[in-house]
Structure formats: structure tokens, C-alpha cells
Amino acid sequence: MPRTSTRPAAAGRRDDRYRLDDQIGFLLRRAYQRASANLVERIGDHDLTAPQFATLARLYERGTLSQNLLGRLVVMEPANIRDVVQRLRRRGLVATGRDPEDGRQLLVCLTPSGLALVRKLLPVEAACTAKTLARLGRAERTLLCDLLRRLTVD
């Protein structure tokens with residue numbers, strides 16, 4: 001295995017124009033990690049992960065959804081949303097059942113316990129968002145959100 005170093009690479013072995021810290025994917029990942037850490041720090045005592053909270057929040061917004069659509073709406077792969085739903089179901093926060101019109105689809109909805117938890121955590125999530133964006137002015141926050149929405153439209 002090659003040795004690692006904190007020193008710059010030898011001359012001729014690197015492109016001085018490239019910096020990982022200037023790459024949008026890397027910056028978005030770091031921003032997501034910061035936002036996620038802010039959220040998990042505050043909701044961790046409820047034994048929820050950021051993706052689990054997003055799942056509960058989307059069900060709160062939209063009501064009963066097929067597991068497939070729910071996964072797309074929270075940007076999770078089918079295997080991941082299936083795992084999240086199973087974990088939330090075991091905790092009594094969501095219920096599942098077959099769609100009576102299409103038995104192939106699994107429907108997911110909040111239980112009364114899930115609804116109560118989401119309502120309790122929505123202000124916490126809003127405070128976490130404010131903490132994540134605290135270094136930005138109001139106009140910058142609005143612009144950032146607008147730009148991110150434009151980047152995520154297919």
C-alpha cells in the first residue's frame with residue numbers, strides 16, 4: 001500500500017488547478033453532513049436518524065403513500081426505504097398494508113404515535129435548519145434554497 005502524506009504531491013504529479021474543496025459535490029456533501037449532524041444532535045434522544053425523520057416528515061406532509069413513491073420523495077433507494085419503513089413500523093411510528101386497488105403496492109402511513117412525534121419534532125428541525133444556516137443572511141438563505149431547488153429539479 002502506498003504511503004500517505006499531508007505534504008503536497010511532487011511537482012508534475014498534480015494539477016494545481018484542481019482542488020477538492022472547490023468541487024460542488026464535495027461542498028454539498030459537507031453541507032449535508034453539517035445539517036444532518038445538527039439534526040441528529042437534537043433528535044438523537046428519540047432514536048431517529050435523519051433519513052427516518054425525513055420519512056416521517058414526508059408522510060406528515062403527504063399522508064398515506066406507497067412505499068415506492070415514499071422512497072422517491074425522500075430520495076432513497078428501494079432497499080433503503082424498505083429498511084427505514086421496517087424500523088419505523090417495529091417502533092410503532094408507521095403502519096403498512098397492501099393497497100386494496102393494487103395488491104402489489106405496500107402503503108405506508110403514520111400511526112398516532114408517529115404523528116405525535118413528528119408534530120413534536122417539526123419545531124426542533126426548524127431550529128436545526130436555522131443553526132445550519134446561521135452564518136448566512138436572510139437573502140443568502142433564500143438564494144441558497146432557491147439555487148438548491150433548481151439543482152435538484154429533473
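The values are calculated or read from the model by the stated rules, or taken from the named source; none is laboratory data. Given the structure is predicted, the values throughout are model-derived calculations rather than measurements. Heads up, the Cβs are rebuilt from the backbone with ideal geometry, glycines too, and the neighbour counts pull from every protein chain shown. Keep in mind that these areas ignore ligands, DNA and RNA; they rest on the heavy atoms of the full protein, side chains included. Shrake-Rupley method; radii C 1.70, N 1.55, O 1.52, S 1.80 Å.
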Worksheet entry | Filter result for Arg82 (of a type outside the set (A, V, I, L, M, F, W, C), on the phi < 0 side of the Ramachandran plot and touching a helix residue (DSSP H, G or I) at 6+ places or on another chain (Cβ under 7 Å)) | yes
Fill in: Enumerated helices (runs of 4 or more DSSP H) restricted to the range 43-104, each holding at least 3 residues that are open to solvent by 80 Å² or more (accessible area, probe 1.4 Å) and more than 22 Å from Cys128 (Cβ to Cβ)
78-90
Item to complete: For Ala139, state whether it is modelled with pLDDT of 95 or more, open to solvent by 40 Å² or more (accessible area, probe 1.4 Å), part of a helix (DSSP H, G or I) and hydrophobic (A, V, I, L, M, F, W, C).
Response: yes
Item to complete: Go over the candidates Thr132, Thr111, Thr142 one by one and state the one that is in contact (Cβ under 8 Å) with a residue 12 or more places away in the chain and out of contact with any helix residue (DSSP H, G or I) (no Cβ under 6 Å at 6 or more places or on another chain).
Response: Thr111
Worksheet item: How many residues does the range 40-97 hold that are in contact with a Cys (Cβ under 7 Å, 6 or more places away or on another chain) and among the hydrophobic types (A, V, I, L, M, F, W, C)?
Response: 3
Response to the item:
The condition from (1) aliphatic (A, V, I, L, M); (2) over 27 Å from Gln33 (Cβ atoms); (3) open to solvent by 50 Å² or more (accessible area, probe 1.4 Å) that Val153 misses is numbered (2)
Discussion item. Could you go through the range 93-104 and let me know if any residue there is under 17 Å from the mean Cα position of the chain (by Cα) and of a type outside the set (Gly, Ala, Ser).
Written reply: no
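What do you reckon, is Val118 at pLDDT 95 or above and within 25 Å of Val153 (Cβ to Cβ)? Show your work before the answer.
Values: at pLDDT 95 or above: yes; within 25 Å of Val153 (Cβ to Cβ): no.
Taking the combined requirement at face value, the residue does not satisfy it.
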